[in-house]
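What follows is a single structure, and I will ask about it in a moment.
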Amino acid sequence: MRVALAVPCYVDQLRPEAARATLVLLERLGCKVSLAFDAPCCGQPMNNAGAVADARAAATNWAASAGVFDVVVMPSGSCTHHVRHHLPGLVDNDRGNHAAQVTFELCEFITGPLGMAHLPGRFPHRVAMHLGCHAQRGLRLGGSSELHQPVSGPMHSLLCGLEGLTLVPLDRVDECCGFGGSFAVGEPELSVAMGRSRLADYTSHQAEVLVSSDPSCLLHLEGVARSPLVLSAAKDLRTMHIAELLEEATR
Amino acid sequence: MSAGHPEAAAAFLNDSERAAWHDQALWFVRQRRDRATDLPEWEALRDRAAELKAYAMANLAGLLEAFETRATASGVTVHWARDAKEHNRIVFDLLRQRSATRVAKSKSMLTEECQLNPYLAARGIEVVDTDLGERIVQLAGEAPSHIVLPAIHWKKEEVGTLFHTHFGTPADESSPDALAAAAREHLREVLLHADAAITGANAMVAGTGGVVICTNEGNADLGMHSAPIHIVSVGIEKIVATLDDLGVLLRVLARSATGQPITAYTTHITAPRPGAEMHVVLVDNGRSARLADPEFRSALHCIRCGACLNTCPVYRRSGGHSYQYSIAGPIGAILAPAVDLDAHRALPFASTLCGSCKDVCPVRIDIPVQLLAWRGRIASANALPKGYAAIFARLGGIVADRTRFESAGRWARRALRFLPPALLAGRWNPWTRAGRELPLAPAQSFREWARREGRVE
Ligand code: SF4
């Protein structure tokens with residue numbers, strides 16, 4: 001399958017490993033991956049902060065880039081959510097709708113269009129899974145406790161299929177990590193407190209690895225874990241993007 | 001003024017042990033809600049509840065008039081109040097004409113919204129809140145911190161100390177049973193000898209002209225059955241068309257609020273007690289204006305169950321008072337800006353948009369969408385909380401263009417890699433201020449790598 005890889009702005013700059021792992025993984029799964037997707041940002045950071053005009057400019061750019069592709073894959077649930085749910089409203093022309101239809105989050109792309117519920121691979125570790133809120137309650141890429149649904153969804157399925165992997169149980173299976181875009185800098189004390197709660201949940205269940213399909217959640221949680229103010233157990237937690245984990249497990 | 005939500009939240013979190021306790025206390029209520037709502041028909045009930053509220057709002061005028069006609073026919077006097085001021089004056093006039101000076105009030109978020117207590121107190125009328133939680137915060141000189149659990153931020157030992165001062169309970173008494181008994185004795189006195197009873201209402205039924213009040217303590221009933229005059233203060237959005245509709249709301253209300261199948265008391269009042277008076281004050285106070293705004297209309301569907309507060313990771317860790325509005329939490333954050341955009345402009349930003357509120361809301365209000373819409377309105381009114389405009393407007397200019405984006409990214413990564421941390425992580429930097437390290441920046445971006453690999457020109 002021919003796909004374009006759209007790398008979110010902050011992943012390009014701050015977590016290029018996640019983008020590289022996505023590329024390697026997709027190619028390993030038989031995709032022909034184009035890196036010609038040019039627009040740097042879908043506009044979410046500005047939209048989230050109320051700066052709608054700025055968001056519109058970025059989103060219009062993004063939709064134009066998406067216009068020439070039939071499938072666009074993003075290693076981020078949150079950005080995919082913004083593209084699917086907000087681009088049609090932000091972008092004046094029909095490209096917003098096109099972008100919304102052809103853009104997939106990495107895990108949903110693997111289990112959906114690629115049709116692989118599991119990947120052959122091995123990852124013998126205790127793993128805590130964090131599904132970003134926009135992936136979960138926006139894209140519905142996982143069951144929600146509010147709706148009395150079990151933990152589930154594409155990322156869960158891919159993780160469960162790996163040999164040797166133990167998903168640790170959590171006290172709060174789907175609580176927000178506190179990143180929240182502009183919230184992280186607008187309400188830093190709350191943001192960090194929420195991050196600490198999540199980390200305590202992971203470490204109290206002896207997780208070795210924290211995995212998420214949202215690099216922004218990871219950026220935040222990793223920053224909180226590395227702070228000298230946080231319990232030492234969290235420092236041993238290896239934070240991985242789902243692409244990094246799947247790439248390593250399927251080598 | 002709730003421009004200072006981040007500051008108030010930071011102060012609340014300063015006592016980290018207390019903040020953790022508060023978080024867990026509310027999470028416990030959320031879990032009770034999860035169990036009580038785990039019914040096969042739950043999602044269908046939410047659909048139905050959302051529909052019947054939408055119907056009521058679409059037919060508001062007609063339903064209110066039907067209610068008034070029926071209520072009047074059974075001897076109730078119906079008053080219309082355009083705003084809080086009119087409401088307070090109507091209530092005061094009713095009390096003054098009857099020389100009432102002691103009022104027993106049961107729980108009503110509307111009277112909080114209208115600030116009725118201080119208004120009456122300033123005019124020589126003593127109002128005693130007879131709901132236990134409300135009485136606690138009233139004795140302490142505070143506002144409720146939660147729409148259903150007004151004193152949820154109080155520990156039982158602290159209530160013990162408060163009651164020791166006011167009711168003379170033993171100094172170290174903190175058993176909930178003993179404290180409740182002391183409160184009951186005190187409140188009985190108030191309830192039995194009040195000159196007037198004021199209650200809120202959970203619903204009005206257009207089809208019957210009746211008012212419905214749900215409590216767990218029975219205090220509303222004691223008050224209205226003892227006093228010679230009963231005044232119901234109610235927002236106009238509380239109307240439903242029929243008893244069948246009411247049945248749906250009653251099924252979702254207590255399950256969502258406290259995880260009970262139904263409240264201990266559900267009282268239907270359709271007429272005054274023989275020899276007594278009953279008045280219903282219908283209050284608009286901005287509701288019609290909200291009805292006229294399609295983007296925010298569905299906020300009027302709220303039945304004040306509190307589920308969105310209990311589930312909100314921000315509310316649980318910042319406490320109700322941090323919102324500095326009579327209704328805290330996610331629903332407060334979308335109601336308050338309609339009342340005063342400038343004063344409450346921080347509230348729509350006091351959310352990660354995690355969406356949990358929308359999934360517990362029994363009437364399916366899409367709170368995150370409205371939070372985001374308020375952010376847009378606040379930005380276009382040039383009222384963004386400090387910091388936001390500067391950061392995100394600049395970001396907009398950068399990420400819209402690849403060349404600018406790449407050079408800004410390169411500089412930012414260099415700064416992260418080579419500048420001394422003390423320079424980057426000062427008090428001024430909200431990313432690091434509360435205990436969060438800056439990202440470890442890579443030498444090259446993904447694009448730079450791809451270019452070097454010849455994968456992109
Ligand atoms: S918005 Fe929904 S969940 Fe929140 S108090 Fe109102 S009805 Fe309950």
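Identify the residue in segment B:297-315 that is within 6 Å of the ligand (Cβ to nearest atom) and more than 14 Å from chain A (Cβ to nearest Cβ) and, among all such residues, is surrounded by the most Cβ atoms within 10 Å (Cβ to Cβ). Let's see the steps before the verdict.
Going residue by residue through segment B:297-315, those that are within 6 Å of the ligand (Cβ to nearest atom) are B:302-308.
Retained after the next criterion (residues that are more than 14 Å from chain A (Cβ to nearest Cβ)): B:302-304, B:306.
Details: B:Cys302: 24, B:Ile303: 24, B:Arg304: 19, B:Gly306: 27.
If we take residues in segment B:297-315 being within 6 Å of the ligand (Cβ to nearest atom) and more than 14 Å from chain A (Cβ to nearest Cβ), then B:Gly306 is surrounded by the most Cβ atoms within 10 Å (Cβ to Cβ).
Is it the case that segment A:97-107 has a residue that's open to solvent by 20 Å² or more (accessible area, probe 1.4 Å) and among the charged types (D, E, K, R)?
Of the residues in segment A:97-107, the ones open to solvent by 20 Å² or more (accessible area, probe 1.4 Å) are A:97-98, A:101, A:104.
This time we only want the ones that are among the charged types (D, E, K, R), so: none.
Within segment A:97-107, not a single residue is open to solvent by 20 Å² or more (accessible area, probe 1.4 Å) and among the charged types (D, E, K, R).
At least 1 residues that are surrounded by 18 or more Cβ atoms within 10 Å (Cβ to Cβ), more than 12 Å from chain B (Cβ to nearest Cβ) and in contact (Cβ under 8 Å) with a residue 40 or more places away in the chain in each: list the helices (runs of 4 or more DSSP H) lying fully within segment A:1-72 that qualify. Step through it out loud before you land on a result.
Details: elements: A:9-14, A:16-28, A:44-48, A:52-66.
The helices (runs of 4 or more DSSP H) meeting that bar are A:16-28, A:52-66.
Name the one entry in B:Ile269, B:Ile262 that is outside the structural domain of B:Val212 (by TED's automatic domain parsing), surrounded by fewer than 22 Cβ atoms within 10 Å (Cβ to Cβ), away from the ligand (no atom under 14 Å from the Cβ) and among the hydrophobic types (A, V, I, L, M, F, W, C).
Matching residue, one of B:Ile269, B:Ile262: B:Ile262.
Still on this structure, I have one more. Which residue out of A:Arg140, A:Arg172 is open to solvent by 30 Å² or more (accessible area, probe 1.4 Å) and within 11 Å of chain B (Cβ to nearest Cβ)? Full working, then the answer.
Details: A:Arg172 fails: open to solvent by 30 Å² or more (accessible area, probe 1.4 Å).
Answer to the selection: A:Arg140.
Please return the ranges of helices (runs of 4 or more DSSP H) entirely within segment A:196-251 where 1 or more residues are at pLDDT 95 or above. Can you show your working first?
Working: elements: A:215-226, A:232-235, A:242-249.
Answer list for segment A:196-251: A:215-226, A:242-249.
Evaluate segment B:364-379: report whether one residue or more is farther than 23 Å from A:Leu190 by Cα and open to solvent by less than 30 Å² (accessible area, probe 1.4 Å).
Checking segment B:364-379: at least one residue is farther than 23 Å from A:Leu190 by Cα and open to solvent by less than 30 Å² (accessible area, probe 1.4 Å).
In segment A:12-65, which residues are closer than 25 Å to B:Arg375 by Cβ and acidic (Asp, Glu)?
The answer is A:Asp54, and nothing else.
Within the group A:Ala193, A:Ala243, which residue is at the interface with chain B (Cβ under 7 Å from one of its Cβ atoms) and surrounded by 19 or more Cβ atoms within 10 Å (Cβ to Cβ)? Spell out the reasoning first.
On the way: A:Ala243 fails: at the interface with chain B (Cβ under 7 Å from one of its Cβ atoms).
Every option except A:Ala193 fails the conditions.
Within segment B:355-380, track down each residue that is touching a residue at least 60 places away in the same chain (Cβ under 8 Å) and either more than 16 Å from the ligand (Cβ to nearest atom) or acidic (Asp, Glu) (or both).
Scanning segment B:355-380 gives a single hit, B:Asp366.
Collect the residues in segment B:180-206 that are of a type in the set (D, E, K, R) and not in a helix (DSSP H, G or I), keeping them in residue-number order.
Initially, segment B:180-206 is screened for residues of a type in the set (D, E, K, R), giving B:184-185, B:188-189, B:195.
Scanning segment B:180-206 gives a single hit, B:Asp195.
Being within 16 Å of the ligand (Cβ to nearest atom), open to solvent by less than 10 Å² (accessible area, probe 1.4 Å), of a type outside the set (Ser, Thr, Tyr) and closer than 20 Å to B:Ile90 by Cα is the requirement here; does B:Gly223 meet it? Write out each step before concluding.
Working: within 16 Å of the ligand (Cβ to nearest atom): no; open to solvent by less than 10 Å² (accessible area, probe 1.4 Å): yes; of a type outside the set (Ser, Thr, Tyr): yes; closer than 20 Å to B:Ile90 by Cα: yes.
So B:Gly223 does not fit the description; no.
For A:His81, which of the numbered conditions (1) under 15 Å from the mean Cα position of the chain (by Cα); (2) over 23 Å from B:Ser407 (Cβ atoms); (3) open to solvent by less than 20 Å² (accessible area, probe 1.4 Å) fails to hold?
Exception for A:His81: condition (3).
Does segment B:162-173 contain any residue that is in contact with a strand residue (DSSP E or B) (Cβ under 6 Å, 6 or more places away or on another chain), part of a helix (DSSP H, G or I) and of a type in the set (Ser, Thr, Tyr)? If you could, list the steps in order and put the result at the bottom.
In the first step, residues of segment B:162-173 are kept if they are in contact with a strand residue (DSSP E or B) (Cβ under 6 Å, 6 or more places away or on another chain); the result is none.
Scanning segment B:162-173, I find no residue that is in contact with a strand residue (DSSP E or B) (Cβ under 6 Å, 6 or more places away or on another chain), part of a helix (DSSP H, G or I) and of a type in the set (Ser, Thr, Tyr), so the answer is no.
Checking the conditions here, which among B:Ala66, B:Ala36 is among the hydrophobic types (A, V, I, L, M, F, W, C) and closer than 18 Å to B:Cys305 by Cα? Can you show your working first?
Numbers: B:Ala66 fails: closer than 18 Å to B:Cys305 by Cα.
Only one candidate qualifies: B:Ala36.
Here is a further query. Answer with yes or no whether B:Ala104 is modelled with pLDDT of 95 or more and either farther than 19 Å from B:Ala151 by Cβ or of a type in the set (D, E, K, R) (or both). Please lay out each step first, then the result.
Values: modelled with pLDDT of 95 or more: yes; either farther than 19 Å from B:Ala151 by Cβ or of a type in the set (D, E, K, R) (or both): no.
For B:Ala104, the condition - modelled with pLDDT of 95 or more and either farther than 19 Å from B:Ala151 by Cβ or of a type in the set (D, E, K, R) (or both) - is not met.
Still on this model: Of the residues B:Phe392, B:Phe405, which is more than 16 Å from the ligand (Cβ to nearest atom), at the interface with chain A (Cβ under 8 Å from one of its Cβ atoms) and over 41 Å from the mean Cα position of the chain (by Cα)? Explain how you work it out, then say what you get.
Numbers: B:Phe392 fails: over 41 Å from the mean Cα position of the chain (by Cα).
Exactly one of B:Phe392, B:Phe405 is more than 16 Å from the ligand (Cβ to nearest atom), at the interface with chain A (Cβ under 8 Å from one of its Cβ atoms) and over 41 Å from the mean Cα position of the chain (by Cα), namely B:Phe405.
Which ones in segment B:424-457 are more than 7 Å from chain A (Cβ to nearest Cβ), touching a helix residue (DSSP H, G or I) at 6+ places or on another chain (Cβ under 9 Å) and part of a helix (DSSP H, G or I)?
B:Leu424, B:Glu448
Same structure again: Which one of these does B:Pro294 not meet: (1) surrounded by 20 or more Cβ atoms within 10 Å (Cβ to Cβ); (2) more than 13 Å from the ligand (Cβ to nearest atom); (3) not acidic (Asp, Glu)?
Tallying (1) surrounded by 20 or more Cβ atoms within 10 Å (Cβ to Cβ); (2) more than 13 Å from the ligand (Cβ to nearest atom); (3) not acidic (Asp, Glu), B:Pro294 fails exactly one: (1).
When you go through (1) touching a Gly at 6+ places or on another chain (Cβ under 9 Å); (2) within 14 Å of chain B (Cβ to nearest Cβ) one by one for A:His130, which number turns out not to apply?
Checking A:His130 against (1) touching a Gly at 6+ places or on another chain (Cβ under 9 Å); (2) within 14 Å of chain B (Cβ to nearest Cβ), the one that fails is (1).
Taking segment B:182-196 only, how many residues are touching a Pro at 6+ places or on another chain (Cβ under 9 Å) and buried (at least 22 other Cβ atoms within 10 Å of the Cβ)?
We begin by selecting, within segment B:182-196, every residue touching a Pro at 6+ places or on another chain (Cβ under 9 Å); these are B:195-196.
Still in the list and also buried (at least 22 other Cβ atoms within 10 Å of the Cβ): B:196.
Total meeting the criteria: 1.
Here's a follow-up. Which of the numbered conditions does B:Thr352 fail, given that it passes all the others? Conditions: (1) more than 9 Å from every other protein chain (Cβ to nearest Cβ); (2) more than 16 Å from the ligand (Cβ to nearest atom); (3) modelled with pLDDT of 95 or more.
The single condition B:Thr352 does not satisfy is (1).
Name the residue, out of B:Ala73, B:Ala10, that is modelled with pLDDT of 95 or more, among the small types (Gly, Ala, Ser) and surrounded by fewer than 18 Cβ atoms within 10 Å (Cβ to Cβ). It would help to see each step written out before you state the result.
Details: B:Ala10 fails: surrounded by fewer than 18 Cβ atoms within 10 Å (Cβ to Cβ).
None of the other options fit; the residue is B:Ala73.
Of all the residues that make up segment A:143-165, how many are assigned to a loop (DSSP other than H, G, I, E, B), open to solvent by less than 20 Å² (accessible area, probe 1.4 Å) and within 12 Å of chain B (Cβ to nearest Cβ)?
Within segment A:143-165, the first condition is being assigned to a loop (DSSP other than H, G, I, E, B), and the residues that meet it are A:143-144, A:148-153, A:161-162, A:164-165.
Retained after the next criterion (residues that are open to solvent by less than 20 Å² (accessible area, probe 1.4 Å)): A:143-144, A:162.
Now restrict to residues that are within 12 Å of chain B (Cβ to nearest Cβ): A:143-144.
Residues meeting the conditions: 2.
Do you know which of the residues in segment B:316-339 that are more than 12 Å from the chain's Cα centre (by Cα) and away from every other protein chain (no Cβ under 14 Å) is farthest from the ligand (Cβ to nearest atom)?
B:Val339
The values are calculated or read from the model by the stated rules, or taken from the named source; none is laboratory data. From a predicted model like this one, the values you see are computed outputs, not experimental measurements. Cβ coordinates were reconstructed from backbone atoms using ideal geometry, including for glycine residues, and neighbour counts include every protein chain displayed. SASA here: full protein model, heavy atoms, side chains in, ligands and nucleic acids out. Shrake-Rupley method; radii C 1.70, N 1.55, O 1.52, S 1.80 Å.
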